[in-house]
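Working notes for the structure below.
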Amino acid sequence: PLPALRTLAAGLVLHALLIYPLVLMRRLARSRPAGAPENPPSQTPDGATTNVPDGATTNAPDGVATSVHGGFVAATACELLAFAIAGGPFFLVAAYLGDAVVSDVLRVLLCLSGVYAAGWAIASRLARSPGGRSVSVLAGALLALGLPAAYYLALEFAPAGAAHRVLYDLAPVTFLWSQAASRLAFWPQPLWPVAVYVALAAAAVLVGWAM
Amino acid sequence: GGGVLFLLVCLASLAVGIWPG
């Protein structure tokens, strides 16, 4: 069978960690919360000193939104649902060509949802300043490209240890590649990388709150 | 914008997958 489901899964990992975060960051940088002033608050006629409306977001001087509002969360949730629906035909074709069954597709979708959660959280929660955006892009690139590179280096230069096996499972690209094989057991084996991706998303949300 | 990129990634990765065949 063709590795169609495997390449689809790996491609979507790259989308979740490298491309989609850039889309989200660009959208966040452009978005203005409802009611927030476009101009600096020094133009308020009564000379009020408060320049931060309660509960509203402020904009950095370069226009980077410094907070994620509820509308953004709901909109991106709808968008991810739309991705899942729009990707359905692709998964159907890939599963047919790759000799995969329904449980294979569901397993890949389960793993991918963890990766998308991590990508979403990294992009939307950490990228609240130009420095934060650099951190977000760097984190996505490390997850998507750095971990596979580390796996390759471990495999090439330290094959005796089990480190390369851990790196293979930890790197989303290689993990999804292995999980998208046809006719495996329903639950991912191992399951802990999915938990790691979800934990990464939760950690990014927590760090975002702390900031 | 985001949706078009998603479809492009799907199409490209699927094309890579069926390339050998």
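Every read-out reported here was derived from the displayed coordinates using simple, explicitly stated rules and does not represent laboratory data. Treat the numbers as computed from the prediction; the structure is a model and nothing was measured. FYI the Cβ positions are ideal-geometry reconstructions off the backbone, even for glycines, and counts take in every protein chain you see.
Mind checking which residues of segment B:8-19 are facing chain A (nearest Cβ under 7 Å) and surrounded by fewer than 15 Cβ atoms within 10 Å (Cβ to Cβ)? I'd like the intermediate steps shown before the answer.
Residues of segment B:8-19 facing chain A (nearest Cβ under 7 Å): B:9-10, B:12-14, B:16-18.
Passing the criteria: none in range.
For a quick check of your reading: which helices (runs of 4 or more DSSP H) sit entirely within segment A:96-171 and have at least 2 residues that are exposed (fewer than 14 other Cβ atoms within 10 Å of the Cβ)?
Values: elements: A:102-126, A:130-141, A:147-157, A:163-170.
Helices (runs of 4 or more DSSP H) meeting the threshold: A:102-126, A:130-141, A:147-157.
Residues of segment A:1-27 that are within 7 Å of another protein chain (Cβ to nearest Cβ) and not in a helix (DSSP H, G or I): A:Leu2, A:Pro3.
Within segment A:146-180, how many residues are of a type outside the set (D, E, K, R), in contact (Cβ under 8 Å) with a residue 24 or more places away in the chain and either out of contact with any Lys or Arg (no Cβ under 7 Å at 6 or more places or on another chain) or farther than 15 Å from A:Val108 by Cβ (or both)? Don't jump to the end; show me each part of the working.
Kept after step one, since they are of a type outside the set (D, E, K, R), are these residues of segment A:146-180: A:146-155, A:157-164, A:166-168, A:170-180.
Among the residues that remain, those that are also in contact (Cβ under 8 Å) with a residue 24 or more places away in the chain are: A:147-148, A:170-177, A:179-180.
Next, only the ones that are either out of contact with any Lys or Arg (no Cβ under 7 Å at 6 or more places or on another chain) or farther than 15 Å from A:Val108 by Cβ (or both) stay: A:147-148, A:170-176.
Summing the residues that are of a type outside the set (D, E, K, R), in contact (Cβ under 8 Å) with a residue 24 or more places away in the chain and either out of contact with any Lys or Arg (no Cβ under 7 Å at 6 or more places or on another chain) or farther than 15 Å from A:Val108 by Cβ (or both) in segment A:146-180 gives 9.
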